[in-house]
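The values are calculated or read from the model by the stated rules, or taken from the named source; none is laboratory data. Fair warning: this is a prediction, and the values are worked out from it, not measured in the lab. Positions of Cβ are generated from backbone atoms using ideal geometry, with glycine treated the same way; all protein chains shown enter the neighbour counts.
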Amino acid sequence: MLKRYFRYLRSAASKMYQADILDLLEPNPDAFLLDIGCDDGKWTECLLSKIGCRSVIGIDVVDQALLKAKKKCIEVVKSDVSNGFPFQDCAFDVVHSNQVIEHLHKTEYFVKELFRILKPGGYTIVCTENLASWHNIFSLVLGWMPVSSSNFSQITYNVGNPLALHASEATYLPESWQHIRVLSIRGIKDIFEIHGFKVERISGAGYYPLPSFFARLDPIHAAFLSCKFRKPI
């Protein structure tokens, strides 16, 4: 019963942070978009629709996902962004990254690369889980792994937290899906500012075990963070 309730809360939180991402995008028919972790391209199409542009590159490491995105007429590139981006300096107006940064070993290098490939005045939208969310804090108080850091096994989906969404379920996901470093608001804000970005907005979504609405009042402890960072002109 409790797991069912948390599944409902997660679904509501996912819808909220996706709405936040779309709200952060700026209409610009001439924009060149990079979608990091584009998967099958379905969400990429939503981004294009909101921005109103047509120029886009989707990047991912999973061949099957890239094939599906390509069928949607999205230009795709296979690359592991942990090793940087195969693009020239100042190439993009907008870079979108949803649920990617927490999977990377080289967090700081990723931020530096985002700054490099953005045009002056361009911006990046980064959505990630929040290490300081209440459900992570309460898990630690109980002596459990934070939910956001419990998916580090290729045998079981979650380790060390019996209330995690897929606790004890067998996993089929590759190692690249594991969370390496989950950030708090202060952590993600500081690392982007250190590397020259201006913080424009950080929104929270999901507020376990309470309804998502409370994340608007207290984003510091929200489940998900949607962040907009701009490269100064």
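Quick notes on this one:
- Single match in 164, 223 (criterion: surrounded by 17 or more Cβ atoms within 10 Å (Cβ to Cβ), in contact with a His (Cβ under 8 Å, 6 or more places away or on another chain) and within 18 Å of residue 8 (Cβ to Cβ)): 223
- When residues of the stretch 80-101 are limited to those that are at pLDDT 95 or above and charged (D, E, K, R), the one surrounded by the fewest Cβ atoms within 10 Å (Cβ to Cβ): 89
- Looking only at residues in the stretch 72-93 that are among the aromatic types (Phe, Trp, Tyr) and in a loop (DSSP other than H, G, I, E, B), the one that is farthest from residue 112 (Cα to Cα) is 87.
- Filter result for the condition that a residue is at pLDDT 95 or above and on the phi > 0 side of the Ramachandran plot, over 122, 160, 143: 143
- Of everything in the stretch 1-39 that is among the charged types (D, E, K, R) and touching a Leu at 6+ places or on another chain (Cβ under 8 Å), the residue that is surrounded by the most Cβ atoms within 10 Å (Cβ to Cβ) is 35.
- Subset of the stretch 179-207 [over 23 Å from residue 22 (Cβ atoms) and either acidic (Asp, Glu) or touching a helix residue (DSSP H, G or I) at 6+ places or on another chain (Cβ under 7 Å) (or both)]: 179, 180, 181, 182, 190, 191, 193, 195, 196
- Within the stretch 200-212, one or more residues are among the polar types (S, T, N, Q) and surrounded by 17 or more Cβ atoms within 10 Å (Cβ to Cβ).
- Some residue of the stretch 186-199 being touching a residue at least 60 places away in the same chain (Cβ under 8 Å) and of a type in the set (Lys, Arg): no
- Filter result for the condition that a residue is touching an Asp or Glu at 6+ places or on another chain (Cβ under 8 Å), surrounded by fewer than 19 Cβ atoms within 10 Å (Cβ to Cβ), in contact (Cβ under 8 Å) with a residue 12 or more places away in the chain and of a type in the set (Ser, Thr, Tyr), over 156, 128: 156
- Some residue of the stretch 11-20 being out of contact with any helix residue (DSSP H, G or I) (no Cβ under 6 Å at 6 or more places or on another chain), among the hydroxyl-bearing types (Ser, Thr, Tyr), modelled with pLDDT under 95 and more than 25 Å from residue 191 (Cβ to Cβ): yes
- Within the stretch 40-78, if we keep just the residues that are over 18 Å from the mean Cα position of the chain (by Cα) and among the polar types (S, T, N, Q), the residue that is surrounded by the most Cβ atoms within 10 Å (Cβ to Cβ) turns out to be 55.
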